[in-house]
Every structure is written in structure tokens, then in C-alpha cells.
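Asks: Dropping the structure in here first, questions after.
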Amino acid sequence: MSLRVVVVYPELLGTYGDGGNGRVLVHRARWRGIDAELLEAPADRRLPAGDLYCLGGGEDGPQLQAAESLRDDGTLAAAAAAGTPVLAVCAGYQIVGRSFPAADGRPLEGVGLLDVTTVKAPAPRAVGEILAEPLAQALAGLPTLTGFENHGGHTRLGPGVDPLARVVAGVGNGDGTEGAVAGRVVGTYLHGPVLARNPALADVLLGWASGAALAPLDDTEEEALREERLAAARRGRRAAAFRRRVEAWRR
Amino acid sequence: MNALALPPRARAAVLVTRGVNALSRHLGMGSGTVAGGHAGLAVDPELLAHLAAGRRVALVTGTNGKTTTTRLLAVAVEGALGPAATNATGSNMPQGHVTALATSPPGAAAVLEVDEGYVPGLVASLTPDVVVLLNLSRDQLDRTNEVRMVASRWRRALADAPRTVAVANADDPLVAWAAQVAARPVWVAAGLSWRADAVGCPACEGRIAFAEPPAAGWSCTCGFSRPAPDVWIEGEDLVTAGGRRTRLRLQLPGRFNRLNAAMAAAAAGALGVPADEAVARMGTVGEVAGRFALVTVGGSRARLMLAKNPAGWVELLDLVCPGHDPVVVGINARAADGRDPSWLWDVPFERLAGRFVVATGERCRDLAVRLRYAEVDHRAVPDPVAAVRLAAMRLGAGRRGAGTAGAPVDVMAVDGAPVDGAPVDGAPVDGAPVDVIGNYTAFHDLLSRAAGR
Ligand SMILES: [Zn+2]
């Protein structure tokens, strides 16, 4: 039977090319001879059964609509409870938590897959390249994560989750950590999409979903992209540190 | 109206505009259109309204196609109304409009490209004869919410403009919603290449259902649906008021340019120019601000195309996709492009399968990974000139090797040929140019590196 990768509500949660995560997973499975299919699941229908679910970013209105639909539907929570892997990015990460902020800051109820709460961060939004070193036990040995973040939330982690990574450059959760992991549910602010820039993370999710040992792929092009983005983020971090020193010196 | 009829303050502002523009050109600070307009508006904030008084005015706006449609409309009306004042350099904010009007003969008709956000202000201050509303979708910088806000601002502006003819794209629900309240709408079946931003009904927040192409049409359960078009394209013909047919022959390639021409012809009609005359004049346009220009880059012939957002990419992929030849795709992520190239995953690059794609520009690595997952044969070559050269070599080799009907291209012979840099009139010569699509700064980089431009 083929591996079903479900992209959840692409019309509501697809702001930053996040549909790409589903495509990356399906191709990386097929290139290894694992039969896989991509299911784009619209919000006006019941969420189909899947072996791996991907949620992307979205704006305030669609984010709320997606959270309400997912809670009413119940499929995602049941699947996660049964150990099906879930990758939730940006607004998707916020809604799989306990609560997330409306446009006016009022807390809204999340889907509750992760023990995290997100509140509105003071302006400005976190926008830019982000680098983070994986921390979570389940992801031990993964190389540095690279992505682009664009969000206005600070996410507080409860005792039921581990941080996904430690921020090296960028903002992430807002407290020096980035993302959260519990069981096989992974939440992150990294888009880009995250799996295209971090194929090793894609393979962790695929390994969970397929239960198969995965043969290595030729990721030369991903490596070239990663090297370039890691260097760019480090340059950005040095420039920001320099600006801070100049500011401090002027005061 | 004559410049002397302007109030003294506006007259002074015109002199300041011209002076600052001349100075800015003289100092090599660019083409000299924004600085002067800025200075003129500082002297007289009402300057635009004064300058527009007594002219026929058409505004052209939308996410995609505004520069091309503005050019087509300006050319279309020139025969009947004389040379038009137009912001041909693409500075589509009030500073650019001031310069276009202040440097044109008094009373000349004005055909102005307008940034989507400035439409309400200009409709109120200029009371234009025509507003052309092409389409509305996301670009790299703004997302859907912003697009809906723009539509509702257009709607309010048009509700308060009883004299203005709104030439509006009936196939785009956001545009249709904005123009629905216009006193004098002219509906054009101008297509919609990107639906992702139009699925939410602007009238009721429900979902718009689209007919499957080639059928046109869309509707929502609330009753809001596609207005019956007054102007459309049928086969080779443009059909206008009363079912009148005119053969539409353009040099500009692609279905989307035919649709831009339909919008321009409808607007020209509203200004009193018959369709056959407008169409004949539009057929003389071979390139618009470098778009579709045939140039020579590093000794190789190339046709340059610009795509600024997912909808624009879909249009250009439609245009180049029937072929088999190599294509160059250039991606940058500077401020003007948007710093985040994740939109690459919204564009259906899968359509290039079967072609050899040279990925170039500052973010060619992002594109290379995208093409890998689209399973498109490709190579990343960061330098755009080297990228065009590689594609041209593959094009020449492919044509010779396959023994196709097209004349074989000897890349070495093209090198240093006398056409270097000069745009060549007319449609592409069979078998010669490489198709090059770039996003905003990647396109402009290549245009400036095309020798002699
Ligand atoms: Zn509706």
C-alpha cells in the first residue's frame, strides 16, 4: 500500500510555499522505491486518513478557520495520538498548540497536539533567515536547521514538549529555542519550505511514517543550498552583532 | 488647456518638477521621473488635479500586465487623440504621474499606469474617464489579506465615481466585486491564471466555485457570479460591443498579452477609438520596457521575459511550455523581489519537464532544488551571462543533433555579430533566441548586461 502524505488545507495553510514539504516527502520516498502519494486535503471536506500530515503557514482569518475545522473534524488529533507523524509549520505550528492569538491578541483555542501556547509578540514581526541547532533527543545527530521565518508570535513551551532546536541566528520561539517536538509531532517556525532546505529532517519524518530504513540519496544540490544559506545567516548575525556594538558604543 | 491657465502655484510646481528632473538626469541619478514629481508635489499638493484638468484620462492598474496594457492603450489612442502623456518608465506612483503630465503637451490625453494602492486617491482627484482593472493577486511582498483590502478600497472609490467607465476583468472575482458598484462597467473576459487568491468570496466569505477550463465562469452560493462579458476573445478575433469582430494580430507573444490587448481595446473604445483602429495600432508594439525584447547577451540571442509573482510565472510558463528548447530562469531575492523565495514552491515549475533549464541569479541554488523536486533536467549557473551562453549552446547542439526543421544555430557565428545589444524588431527569428525568464531584479540585471542597452 502506498504511503499517504496529506497536505492539510492548502487553501488556508499554504502561505509560504509550504505545500512544497509534501512534495519533498513524496519524491524522497519514491526515489527510494517506496510507493507514495500526495493528498491535498481541502478544508470543506473530512480530513482523509494518512501516514504523515503536513500543515503550513496562513494569515489570521484562515488560521482560525483551520483550527476550528481541525478541532471539529478530529482526524488529526486521533492520528497524532496513534503515533502518525505530523509536521506543522508557522501558523500551522501555532494552531497545533494549546492556544494561539487572534489578530487582536485574544487567545484562541488550538488543536492541542503540542503543549505550547503562542502569544502576540511585541512588534516588529520576526522576518528573516533563521539558523538553529537541533536539540530534541528524537532528532539527535541532525545537522543545523536552516529556514526563513515570518511570524508575529512568541511561543512558550510547556513541560509536555521538548524544544526542537536552539536558535543560532533569528528569533524562533522568542526565548532562544525554536520549535517543539512531542512524540512524532514536530512544530517549527522554519519555512522555505523547511524540508527542501533540511532533507535530513524530511528523512526522519519519512522513516517514522514508513518504518523503513532509508537508503541515502544524492543531496548535492540541497547541500549547496544549505551551505549558501548557512553562510548568509551567519553573515547576517555578525552584521546584527556589529550594529548592536555600535549602538552600545554610541550610548 | 494651456499651461498658462494653471493657477500660479501649480505653474511654479511644474517648473520645479521639470527643473529637478533635468538636474537629476544631469547628475546621473536615474531616469529623472520620481525626484521631480516629488518636488512638484511638495510645491503644490493639488498639482495632479490641476494638471489633469481638461484632459482625457485613463488609469491602468492590477497586479500583472499594467505596464504592457498601459503601453498598448497609449499606442491605441494616439491616432485619434494625439500623443498621450504616459509614465512609460514604470514609475507608477503620483511622483511619476506628475512628471508624465508636466512634461507632456498641454491637453494631451493621459494614459497612466497606477500602483494598485494609489487607485482610490487618483480616482478621487483626477476623475478619470476610464479605469482599467486587470486582475488582483498576491505578489512576493503582500499576501492575500492585503489583496482583499485593495479590492474593497477600489470598490469604495468606484462607487463615488459616477463619470468613470470601469473596464474590468469579469474572470477575476475580486476585480468583479470591486467594479460591480461602478456606474458604467465594461466587462472583459480577460482570464485568470492564478486562482489561489480568489477562492474566498469577497461578498460573503464563502467559497467561489470555478467552471473547469476551457469553460469560463464562476459563482458563489450567495448569488455573486461572473458578470456577462461585453468584450472577449474568440479564436483569432476580438469581439466588442454589438458582437463586432476584429482580427487581433499582435507582435507581443502569449495568450495573456492578447487578453491585455482586449482590456486596452475596451478602454480605447470608452475613449471613442474604434476597435479596428486600436487593434491595428497595438499590433505595432514589439516590446514593452525590455519585456519580450530580443537582445544579445554575452554573444547569444535571448528573448527576455519578466515574472514578478506566481500569477506572472504561470502566464510565462504557459507561453514557453509548448516548446522543447532550453530555458534560462533567473531568481534573485533582493528587497524589490522579496527577500524570501519560498514562493518558488507555489509556481508549477513541473510544467518545464522535458526541457533543459539553466537556473541562474543570486538564488539559483533555491531554484535548482525546486527543479530537482519538479524532476526537471537542469544545471545551476550563478552568472546570468554564462547561463544564457550555456542554454544557447545546448539549443544549437540540440537543433543540429536532432536535425529538426529549424535552421541550425551556430553559436560561434552569433558571437560578436553586429546586432549586439540592439533589440531586433518583430517576432523571434525561427530557432534563434533562448527564452530567459527572470524575476524583477534578475530581469533588470540581464537587461542591463545585454550589450549596448
Ligand atoms: Zn459569496
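Asks: Which FRET efficiency, nearest 0.05, do B:Glu236 and A:Leu38 yield, Cβ-Cβ r, R0 30 Å?
Replies: Efficiency, from the Cβ-Cβ distance: 0.15.
Asks: Counting other beta carbons within 10 Å of each residue's own, what order do A:Ile95, B:Ile331 fall into, fewest first?
Replies: B:Ile331, A:Ile95
Asks: Moving on. Assuming 0.36 nm per residue, please report the length gained on full extension of the stretch B:Glu46 to B:Asp383 beyond their Cα-Cα distance.
Replies: Full-extension gain reported as 116.6 nm.
Asks: Next up: Answer with one residue from A:Val186, A:Ala79, A:Gly105: the one whose Cα lies farthest towards the positive end of the charge dipole of chain A, charges on Cβ with Lys, Arg +1 and Asp, Glu -1.
Replies: Of the listed residues, the answer is A:Gly105.
Asks: Continuing with this model, one more query. What distance in nm separates the two pseudo spin-label positions at B:Leu15 and B:Arg339, each 7 Å out from Cα along the beta-carbon direction?
Replies: Result for the modelled spin labels: 4.5 nm.
Asks: Here is a further query. Just want the ordering: A:Trp249, A:Trp208, B:Trp313, B:Trp345, from fewest to most Cβ atoms lying within 10 Å of their own Cβ.
Replies: With the fewest neighbours first, A:Trp249, A:Trp208, B:Trp313, B:Trp345 line up as A:Trp249, A:Trp208, B:Trp313, B:Trp345.
Asks: Specify the inter-centroid distance of the stretch A:206-224 and the stretch B:31-62, based on alpha-carbon positions, in whole Å.
Replies: The stretch A:206-224 and the stretch B:31-62 have Cα centres separated by 58 Å.
Asks: I would also like to ask the following. How much length, in nm to one decimal, is gained on full extension between B:Met393 and B:Ser125, taken as 0.36 nm per residue of separation minus their Cα-Cα distance?
Replies: 91.1 nm
Asks: Still on this structure: Per the Debye formula with a single identical scatterer at each Cα and no solvent contribution, what log10 I(q)/I(0) holds for the protein assembly as shown at q = 0.05, 0.06, 0.10, 0.12 Å⁻¹?
Replies: Values, matching the q order: -0.27, -0.39, -1.07, -1.40.
Asks: With a 4.7 Å Cβ cut-off, tell me which Cys residues in the protein assembly as shown come up empty for a partner.
Replies: Result for the protein assembly as shown is A:Cys54, A:Cys90, B:Cys321, B:Cys364, no neighbouring Cys Cβ within the cutoff.
Asks: Ranked highest first by average number of other Cβ atoms within 10 Å, how do B:116-122, B:263-269, A:6-12, B:369-375 line up?
Replies: Listed from highest to lowest mean packing, they are B:263-269, A:6-12, B:369-375, B:116-122.
Asks: Moving on to the next point. Can you give me the C-alpha center-to-center distance between the stretch B:64-82 and the stretch B:362-378, rounded to a whole angstrom?
Replies: 37 Å
Asks: What average number of partner chain Cβ atoms lie no more than 10 Å from the Cβ of the residues making up B:361-373?
Replies: Mean number of neighbouring Cβ atoms from other chains: 6.
Asks: Remind me, what semi-axes does the stretch A:1-66 give for its equivalent ellipsoid, largest first in whole Å, using sqrt of 5 times each Cα gyration tensor eigenvalue?
Replies: Ellipsoid semi-axes (Å, largest first): 23, 13, 6.
Asks: Separate question: Under the 0.36 nm per residue contour assumption, what length would be gained going from the current alpha-carbon distance of B:Asp160 and B:Ser448 to full extension?
Replies: Using 0.36 nm per residue and subtracting the Cα-Cα distance, I get 99.4 nm.
Asks: Treating the Cα atoms of the stretch A:11-115 as identical point scatterers in vacuum, please give the log10 of the normalised Debye intensity I(q)/I(0) at q = 0.14 Å⁻¹, two decimals.
Replies: Values returned for q = 0.14 Å⁻¹ are -0.53.
Asks: Sticking with this structure for a sec: Which whole-percent values make up P(r) of the stretch B:212-360 when all C-alpha to C-alpha distances are grouped in 5 Å steps starting at zero?
Replies: With 5 Å bins starting at 0, P(r) equals 2, 7, 13, 16, 16, 16, 13, 10, 6, 1, 0, 0.
Asks: Now for a different question. Extending each Cα 7 Å along its Cβ direction at A:Val127 and B:Arg247, get the distance between those two points in nm, one decimal.
Replies: 5.1 nm
Asks: Over chain B, what lengths in whole Å, largest first, do the semi-axes of the equivalent ellipsoid take, defined as the square roots of 5 times the eigenvalues of the alpha-carbon gyration tensor?
Replies: Result for chain B: semi-axes of 36, 28, 21 Å.
Asks: Please give the peptides B:65-75, B:353-363 ranked by average Cβ packing (other Cβ atoms within 10 Å per residue), highest first, as a rough proxy for protection.
Replies: Output ranking for B:65-75, B:353-363: B:65-75, B:353-363.
Asks: Sticking with this one: In Å, what is the Rg of the alpha-carbon atoms in the stretch A:169-211, and how long is Dmax?
Replies: Rg, Dmax (Cα atoms, Å): 11.5, 34.
Asks: Same structure again: Mind checking the mean number of beta-carbon atoms from other chains within 10 Å of the Cβ atoms in A:86-99?
Replies: 0
Asks: Beta carbons within 10 angstrom, averaged per residue: use that to sort the peptides A:122-128, B:316-322, B:107-113, B:172-178, highest first.
Replies: Per-residue mean Cβ counts within 10 Å order the peptides as B:172-178, B:107-113, B:316-322, A:122-128.
Asks: How high is the relative contact order of chain B, in percent, counting Cα pairs under 8 Å that sit 6 or more residues apart?
Replies: The normalised contact order for chain B reaches 13 percent.
Each value in this text was obtained by applying a stated rule to the coordinates, not by laboratory testing. Worth saying up front: this structure is predicted, and the values here are computed from it rather than measured. With ideal geometry, Cβ positions are generated from the backbone for all residues, glycine too; neighbour counts draw on all protein chains shown.
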